[in-house]
Each structure stands twice: as structure tokens, then as C-alpha cells.
There are 2 protein chains.
Amino acid sequence: MGVWSLVVRMPRRSVVNLLGLGTRAVSLLNGNSLQTFHSSLKHASSLPKAGFKPEKVAVVTKTTRYEFEQQRYLYAGLSEEDLKHLLALKGSSYSGLQERHKIHTNNVEHIVKSLRSKGIEVRIVKRGEYDEEVVRWADAIISAGGDGTMLLVASKVLSKDKPVVGVNTDPESIQHSSHVCLHPRSEGHLCLPVRYTHAFPEALKKLCCGEFRWLWRQRIRLHLEGTGINPTPVDLHEQQMSLEQHSQAHRITTMDSRLRTGNPYESFSKPNLLPIRSLNEIFIGESLSSRVELNSIKPHVKLLLHRASYYEISVDDGPWEKQKSSGLSICTGTGSKAWSYNINKLAEQAVEEVLNIGKSQTGLDIPLNREFIEKVTDLYNESLVFSPDDRRMFFSIREPIVNRVFSSSRQRGFASKVSVRSRCWDACMVVDGGTSFEFNDGAIATISLSEEDQLRTVDLEN
Amino acid sequence: MGVWSLVVRMPRRSVVNLLGLGTRAVSLLNGNSLQTFHSSLKHASSLPKAGFKPEKVAVVTKTTRYEFEQQRYLYAGLSEEDLKHLLALKGSSYSGLQERHKIHTNNVEHIVKSLRSKGIEVRIVKRGEYDEEVVRWADAIISAGGDGTMLLVASKVLSKDKPVVGVNTDPESIQHSSHVCLHPRSEGHLCLPVRYTHAFPEALKKLCCGEFRWLWRQRIRLHLEGTGINPTPVDLHEQQMSLEQHSQAHRITTMDSRLRTGNPYESFSKPNLLPIRSLNEIFIGESLSSRVELNSIKPHVKLLLHRASYYEISVDDGPWEKQKSSGLSICTGTGSKAWSYNINKLAEQAVEEVLNIGKSQTGLDIPLNREFIEKVTDLYNESLVFSPDDRRMFFSIREPIVNRVFSSSRQRGFASKVSVRSRCWDACMVVDGGTSFEFNDGAIATISLSEEDQLRTVDLEN
């Protein structure tokens with residue numbers, strides 16, 4: 001399902017209802033969604049003056065599950081045979097992973113060939129090697145993977161002039177996912193319609209002759225100040241692959257400076273703008289588990305601990321409020337369809353129960369048939385989603401814990417600026433579920449939107 | 001706030017509404033809560049024939065934050081001075097932690113003295129040293145800490161004849177919690193009324209002369225079968241304190257056998273009953289972060305990764321359904337006030353919006369004033385809580401991800417048996433937020449209640 005098909009169903013007007021601004025807005029919902037869609041489309045995208053013809057394109061490729069397992073085990077000194085054995089024990093098929101991997105690499109080759117046949121200079125970059133230098137070099141960047149890869153690629157593009165295009169290199173993976181735990185992002189909402197994966201020359205042609213629309217997606221910027229900060233961003237997916245390699249890198253970038261200063265955390269007296277932008281959401285919360293790395297030859301043991309996160313929050317420069325919850329999510333319009341949606345959406349079961357109680361309390365004849373419950377549930381859930389070009393963020397306090405100490409005030413809503421003061425001891429700030437920063441007691445994050453942080457991407461007809 | 005004060009507000013009848021069993025049950029809610037309370041109390045507890053006079057009592061003490069930090073840093077070869085410095089950097093006061101620690105130890109001394117003055121043989125056991133042998137030795141066990149300690153202590157008591165009593169050794173800690181992230185459990189719902197902390201002899205006297213009620217709390221048992229299981233339970237709180245110490249232990253208990261068999265995970269052909277009972281809830285989900293242990297002298301780096309959990313679930317031997325979500329929670333009546341409550345409760349904001357949509361869709365005059373919204377919200381949230389002696393479990397699929405592949409069927413409800421087949425690659429099964437088992441692809445868990453698994457604890461008037 002593409003971005004726009006969803007926007008059609010989710011007029012931005014309806015979201016005001018979340019803030020309880022009365023029934024009028026709701027009544028607006030009926031019928032005129034499409035009209036709202038068109039008006040929002042005007043903001044969201046525009047026809048390019050001329051076609052788009054980049055000279056240098058970087059193709060950033062995802063790490064397949066096959067590569068993940070291979071690097072993880074082979075690095076630990078295991079043979080290909082051991083790998084097959086271990087995967088089997090985990091219920092995964094070695095040949096199955098190989099097949100998915102082959103599909104991905106074939107699609108990458110197809111993309112690269114198509115670009116070169118147009119005389120475009122191409123650099124193929126593995127996700128783990130993708131950095132600022134690559135971004136500087138390229139006129140445009142193609143993310144070859146799923147939405148996860150697209151999010152990481154976009155996060156490092158700070159200029160709104162450099163287009164980023166996502167191509168889903170394994171469109172069938174959702175059906176084949178019975179052995180991986182996929183994030184909703186993986187469904188390719190951020191990528192071109194899947195048919196272009198196999199027909200990339202056609203997509204390229206449309207780009208060249210301007211048969212497309214620019215789509216600017218609003219993004220979130222982060223300022224950090226105070227103590228308890230580890231400003232070294234870490235790609236969690238890469239990090240997963242080899243803790244050793246990662247900690248090496250980390251020791252060089254962070255630990256030495258820490259030891260020099262004798263200070264385990266760097267401290268910023270004034271707000272420090274992080275060199276990363278968020279397309280989906282920022283999530284702040286206690287780390288929920290810890291990995292115990294035994295000797296790397298042996299499989300690691302992983303543990304899960306649920307601990308509530310304690311922090312203070314100020315919305316749009318309002319008063320600081322203490323909060324205790326299972327974390328805090330702050331999303332863009334793009335991200336309002338991802339994790340934030342799952343945090344906030346209601347099941348029909350809950351809606352039925354609320355109407356049920358309302359009915360018994362008022363004696364009013366509120367209908368409780370399946371069709372009506374579905375209608376109300378859909379309207380409610382649709383109101384959670386807003387347009388990718390919307391200039392507002394939406395914050396959600398996840399599973400708030402309310403008691404005499406902690407305020408039960410607004411659990412979520414729109415904001416143009418959110419400030420958070422960490423009171424946690426082992427917390428992280430996670431950008432788009434992919435890049436993590438330590439965010440412990442003493443750290444203050446300022447989360448906001450800026451005109452200049454829009455991501456330039458393309459909207460191609462299917 | 002004690003258990004019963006809550007039960008008063010939450011008649012068990014009302015929970016049926018969660019399953020959408022119509023309006024009648026709701027109307028029953030009005031007024032007669034207290035009566036329901038008494039009837040439920042009859043099930044829940046009973047007057048002991050004689051007084052309760054144990055000869056041997058084990059006092060299991062929590063690990064204070066001060067001990068936590070001390071062991072963590074001193075183990076890493078840091079001096080007391082370094083510790084002060086590091087705590088300051090984390091925004092924590094060394095003297096503050098020392099003060100909380102002193103309060104705890106004083107209260108433990110008070111408890112032990114009181115017991116010995118009655119001629120009772122006492123063994124003081126640190127949480128980390130608490131094991132089956134201690135349970136066998138004692139006639140009764142006192143948990144000296146918060147609810148977290150009580151949960152761990154109870155989890156290892158398999159017999160319903162051995163009483164477990166919780167004493168909150170730092171009743172003020174909630175007010176002083178500005179530098180720790182507390183779980184809702186920490187408020188002491190499972191412990192004696194806090195006034196007995198300082199007046200333990202009085203509690204003891206009441207126990208001896210039978211001025212109390214036995215309270216039997218239903219608990220959950222776990223059967224595991226298949227592969228992808230690491231059956232070695234790990235105390236997450238202890239594990240946190242020293243990964244090195246832990247991994248040592250772990251290497252001995254698990255890894256050697258793994259290497260012997262060349263099999264990283266043990267495999268059970270038939271269901272294997274785990275030697276642990278759950279008083280609050282079982283949570284199954286992907287590990288949400290990974291800890292990178294650099295050299296132990298240096299502070300560790302912790303990362304957070306949100307990944308959805310993929311599994312199959314069968315409720316009460318019904319058909320297997322694929323699910324993708326941020327985990328799965330299965331709780332007891334006791335646990336229905338803890339994490340499960342926070343997962344399922346609605347904010348007034350959401351209730352208002354649902355009624356708002358209902359109103360605009362029906363044109364009915366549904367009132368939307370603060371008072372009414374509060375009333376409906378309270379009734380809804382109260383219906384999530386049920387009695388500790390209830391013979392049912394309540395399952396909640398957390399943040400379900402619905403798409404064409406995954407069923408959007410019942411998101412939660414009561415069950416007497418839940419079976420779960422893991423399809424995750426790095427998942428854990430966590431008992432009461434404290435003990436963790438690996439639960440990966442190939443593993444099947446059967447979660448149920450049994451008469452014989454009740455926890456015998458006491459209900460003392462305040």
C-alpha cells in the first residue's frame with residue numbers, strides 16, 4: 001500500500017479530534033477526504049521544472065539476513081556447515097535465506113545496470129560503509145532494500161536538495177517472512193511502487209522526463225545538551241552483526257576521549273544539533289534488555305528486562321511535567337503510519353466496550369452492531385495518521401504509569417517542539433528504530449521540525 | 001494503596017465486559033462494588049485455624065541501588081571516589097543513595113531482631129543467594145524490599161503450604177525516586193501495609209494469634225517444549241549488576257552442556273515444567289536492546305532496537321493464529337494491576353474521541369463533559385483489573401501489527417490456557433519482569449493456571 005492511498009483515507013483535519021476539539025471536525029470527515037487529499041498533495045509535492053538527471057548516484061544496499069547470519073557466525077570462527085546447523089536449530093532454512101539473498105542481489109544488479117546504461121556514474125555502498133563522504137559525492141542516493149534501509153539512508157542526508165529514492169529489493173519478503181520478525185516499516189511504504197523493482201529502467205525514464213512529483217517529507221531534528229550523553233551514533237542493525245567490530249569502532253570514537261577526560265559521558269553546555277534527521281520517529285526509553293556476550297565462538301545469551309522510563313517533558317515550551325512510562329515516541333506524518341500508529345490505535349474490542357459503557361451510563365440507544373463498531377474504530381484510527389508534509393510532530397507517552405507522583409495530563413498530541421529531560425539510568429534515544437544515542441540522567445533533548453530538514457524524495461505513479 | 005482497596009473498586013463481574021458480553025454486566029457495576037468485594041474476599045482468603053508460628057524464617061533482602069552501583073563500579077576496579085564522581089555525572093547523589101541504603105538495612109535489622117526475640121531461627125539471604133535450598137529450609141519466607149523482591153522470592157516457592165510475606169523496607173522510596181526509573185510494582189502492592197515496616201513486632205503478634213487472613217494468589221505455570229530454548233533462568237536484576245559474574249555462572253550452567261552436545265539450545269521432545277511460578281505476568285517478546293560490554297573498567301554502551309515479535313498463539317486450545325506485535329503479556333489477577341493494566345488502560349483523551357465519533361455518527365446526544373468522560377474512562381479501566389484469586393489469566397497482544405498476513409482477531413481476553421509458538425530470533429520469556437528465559441524460533445510455551453500453584457500469603461488489616 002503506497003503512501004498516498006493512505007493519505008486519501010486520512011484527511012489532516014480529522015487529527016484535530018485527537019485533541020478533543022469537538023464534533024464539528026469529525027462531521028467534516030464524511031465524504032470529502034479526497035478533496036483534503038488533493039489540497040495536502042499540493043503542499044506535499046510538485047512537478048519538477050525539468051526532468052531529473054543525476055550524474056553520480058550512490059546505491060546503498062541493505063544487509064540481508066543471510067549476510068547477517070554469515071558475518072555473525074563466520075566472524076565467530078564457525079564454518080558454513082556449522083552455520084547451516086545452527087540456522088536449522090533456530091528453525092531457519094539456510095537455502096531459504098540464500099534464496100532471499102539472491103533475489104536482493106539480482107535486483108541490485110538490475111538497478112545498477114540500468115543506471116550505468118544511462119551513462120550515470122554509480123557507487124555501490126554497503127549499509128555499513130555508508131557515510132557523509134558518500135552523501136557528499138552523490139547527486140542522488142538510491143536505497144536498495146526495505147524501509148529500514150531507506151530510513152537509515154535518509155537519516156544522513158541533511159540537505160533538502162539531494163533526492164533519496166527507495167527501491168524495495170525483495171518485494172515478496174513479507175509473504176516469506178515466516179522466520180523473521182519484521183517491523184511494520186518493512187512493508188515498503190517509503191519505497192517506489194514494487195513493480196519498478198523489476199522495471200527500473202521505466203522508473204528512470206520517468207524521472208528523466210519529469211513524469212513524477214517531488215515529495216518533500218518533514219523530518220525531525222534533535223538537539224542534545226547536558227550530561228549523560230553519548231553523542232556517538234550507532235547503527236543498531238550493523239552493531240547487531242558484530243559486537244566486537246562495533247565496540248572496536250566505539251572504543252576509538254568515544255572511549256578514548258572518555259578516558260582522557262576521565263568523564264564517561266561527554267557534556268554539552270549548549271544545545272548540540274545532531275548530524276542526523278528522523279523521517280519516522282524518535283523513541284526515548286530505558287534499554288529493555290541486555291546482551292551478555294560470552295566468548296564470541298559461543299552463541300550469546302540475551303535477556304529482557306522491562307523497566308519503566310522516568311523523564312520530564314515540556315511540550316511547546318510549556319511547563320515541565322514528570323512522566324513515568326514505557327517510553328516516549330515523537331513522530332512525523334510519515335512516521336504516523338509506523339510504530340506510533342501501533343502505539344495509539346484502538347481495537348474494535350476496546351471501542352465496543354467504551355460505547356457499551358457509554359450506552360449503559362446514558363441509556364441512549366447507541367448501536368453496537370459490528371458495522372457501526374468498525375466504522376467508529378476506523379475513523380478513530382485514521383485520525384492518528386497525518387500527511388508526510390505536515391509541519392507538526394505527534395508525541396505519544398507509551399503506557400503511562402499514573403500515580404500521585406506522576407501527572408496524568410495529556411498523554412499525546414501535536415507539537416512543534418518537545419523537550420525531554422532524562423531521569424533514566426540506562427536509556428537510549430532511538431532515531432527511526434535504527435540509530436541509537438545514550439540518553440541518561442542529566443541529558444536534555446530538544447526535538448523539533450525545521451523547514452530545511454525536509455527530505456526530497458519522488459512520488460511515481462504506479 | 002493496598003490490594004484490597006483496589007479490589008473494592010474492581011468487581012470481578014465487570015471484567016466480562018472486556019469480552020463484549022453486553023450491557024447488563026456494566027449496569028451491575030453501579031453501587032454494589034463493595035458487596036462484590038466481600039464475596040471475592042471469601043474466595044481470596046480465610047481465617048487460619050490457629051495462629052501462624054514458624055520456627056525457621058528466611059529473610060530475603062533486596063539489592064539497593066547503592067549496592068548495585070557499588071558492585072558495578074568497584075567490581076570494575078574503581079575507587080569509592082570514582083564512584084561518587086560517576087554517580088554525580090549521572091545526576092545521582094552518592095549520599096542520597098547511601099541514605100536509602102541505610103533506611104533499608106535498618107528496617108531489615110528491625111525485622112530480624114523482632115523475629116529472633118520470638119525465638120524464631122532466622123537466615124538472612126541476599127537476593128542473589130536465594131535458591132531452592134533456602135526455600136526448603138524455611139517454614140516461611142519474608143521478602144525484605146519492594147514488590148520486585150517479593151515477586152522474585154515468590155517465584156521460587158512452588159508449594160502452597162509455605163507462606164511468603166512481603167515487607168516494604170523503603171516505604172518512602174516512591175517520593176525519593178527522582179533518580180531511579182521505578183516499575184509500577186515498586187509501590188508495594190504485594191507487601192504488608194507500610195506501617196508494619198516500623199512496627200514489625202505488631203505484625204508478628206497478629207500472625208501468631210491468628211489476627212489475619214490467609215490470601216491465596218493464583219499463579220501461572222510454564223511448560224516449554226521444542227528447540228530454541230535456553231532453560232537456564234536468569235535473575236535480570238542480579239545479572240545487571242555484573243555481566244562478568246553472571247556470564248561466568250552462565251558459562252558453567254549452560255554453555256558447557258551446549259558445547260558438549262554441540263547444540264547451542266537444549267531441546268525438549270515433551271513439555272517441560274519450569275521450576276518457577278509467575279505472580280504478575282509472563283511477557284514474551286523480542287529483546288529490545290543489546291548491551292555492548294567494552295572492557296569492564298570502562299562504562300558500558302547500551303543500545304536500544306525496536307523489533308516486532310512474530311509468533312503464533314492458540315487460546316484455550318483454539319486454532320493457531322499468526323501474530324506480529326510488540327510482545328505478548330499474560331497476567332494473573334494480581335498482575336492485572338501491573339504492566340498489563342498500563343498496556344490496556346485508556347486515557348480520557350481516547351475515550352472522549354471515541355464517544356465524540358460515536359456522537360457525530362449517530363446524532364445522539366452523548367454528553368461529552370469532563371465528569372462523564374472520567375466516569376466512562378474509570379469504568380473501562382477498572383474492568384481491566386480482576387481479583388488475585390481469579391482462576392483465569394488475561395492475555396494482551398501488545399501493539400499488534402495488523403496487515404494481510406497477520407490476523408486482527410481478538411487482541412486480548414481471558415483464558416485458562418495460552419500456547420505460544422515463537423517465530424522470533426532473539427526473544428525472551430520474562431517471568432514477573434525479573435527472570436528471563438530465551439524463547440526463540442522452534443520453542444513452544446504452554447501457559448496455564450493450576451490450583452496447586454497458589455501463593456500463600458497474608459492479608460493484615462492496616
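The values are calculated or read from the model by the stated rules, or taken from the named source; none is laboratory data. No experiment lies behind these values; they were computed from the predicted model shown. Heads up, the Cβs are rebuilt from the backbone with ideal geometry, glycines too, and the neighbour counts pull from every protein chain shown.
Remarks
- Extreme residue, nearest to the chain's Cα centre (by Cα), among residues of the stretch A:64-86 that are under 18 Å from A:G96 (Cα atoms) and modelled with pLDDT under 75: A:R72
- Filter pass, A:L355 being over 29 Å from the mean Cα position of the chain (by Cα) and outside any strand (DSSP E or B): yes
- The stretch A:408-445, subset surrounded by fewer than 18 Cβ atoms within 10 Å (Cβ to Cβ) and among the hydroxyl-bearing types (S, T, Y), residue farthest from the other protein chains (Cβ to nearest Cβ): A:S416
- Test: residue in the stretch A:446-459 that is farther than 21 Å from A:A154 by Cβ and either more than 20 Å from the chain's Cα centre (by Cα) or buried (at least 23 other Cβ atoms within 10 Å of the Cβ) (or both): no
- Matching residues in the stretch B:356-386 - criterion: being surrounded by 20 or more Cβ atoms within 10 Å (Cβ to Cβ) and farther than 19 Å from A:Q349 by Cα: B:S360, B:I366
- Conditions (1) over 22 Å from B:Q454 (Cβ atoms); (2) within 18 Å of the chain's Cα centre (by Cα); (3) outside any helix (DSSP H, G or I); number of the one not met by B:R123: (2)
- Among the criteria (1) under 20 Å from B:R423 (Cβ atoms); (2) out of contact with any Leu (no Cβ under 9 Å at 6 or more places or on another chain), the one A:L97 does not fulfil is (2).
- Test: B:V167 is modelled with pLDDT of 90 or more, hydrophobic (A, V, I, L, M, F, W, C), surrounded by 19 or more Cβ atoms within 10 Å (Cβ to Cβ) and over 30 Å from A:R423 (Cβ atoms): no
- Verdict on B:K324 being closer than 18 Å to A:Y341 by Cα and surrounded by 24 or more Cβ atoms within 10 Å (Cβ to Cβ): yes
- B:R391 vs. criteria at pLDDT below 85 and in a loop (DSSP other than H, G, I, E, B): no
- Enumeration of residues in the stretch B:329-352 that are in contact with a strand residue (DSSP E or B) (Cβ under 7 Å, 6 or more places away or on another chain), in a helix (DSSP H, G or I), of a type outside the set (S, T, Y) and more than 7 Å from chain A (Cβ to nearest Cβ): B:G335, B:N344
Table: residues versus (1) over 22 Å from the mean Cα position of the chain (by Cα); (2) at pLDDT 90 or above; (3) within 14 Å of chain A (Cβ to nearest Cβ).
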residue: B:S177; (1), (2), (3): no, no, yes
residue: B:L182; (1), (2), (3): no, no, yes
residue: B:L192; (1), (2), (3): no, yes, no
residue: B:Y196; (1), (2), (3): yes, yes, no
residue: B:F200; (1), (2), (3): yes, yes, no
residue: B:A203; (1), (2), (3): yes, yes, no
residue: B:K206; (1), (2), (3): yes, yes, no
residue: B:F212; (1), (2), (3): yes, yes, no
residue: B:I220; (1), (2), (3): no, yes, no
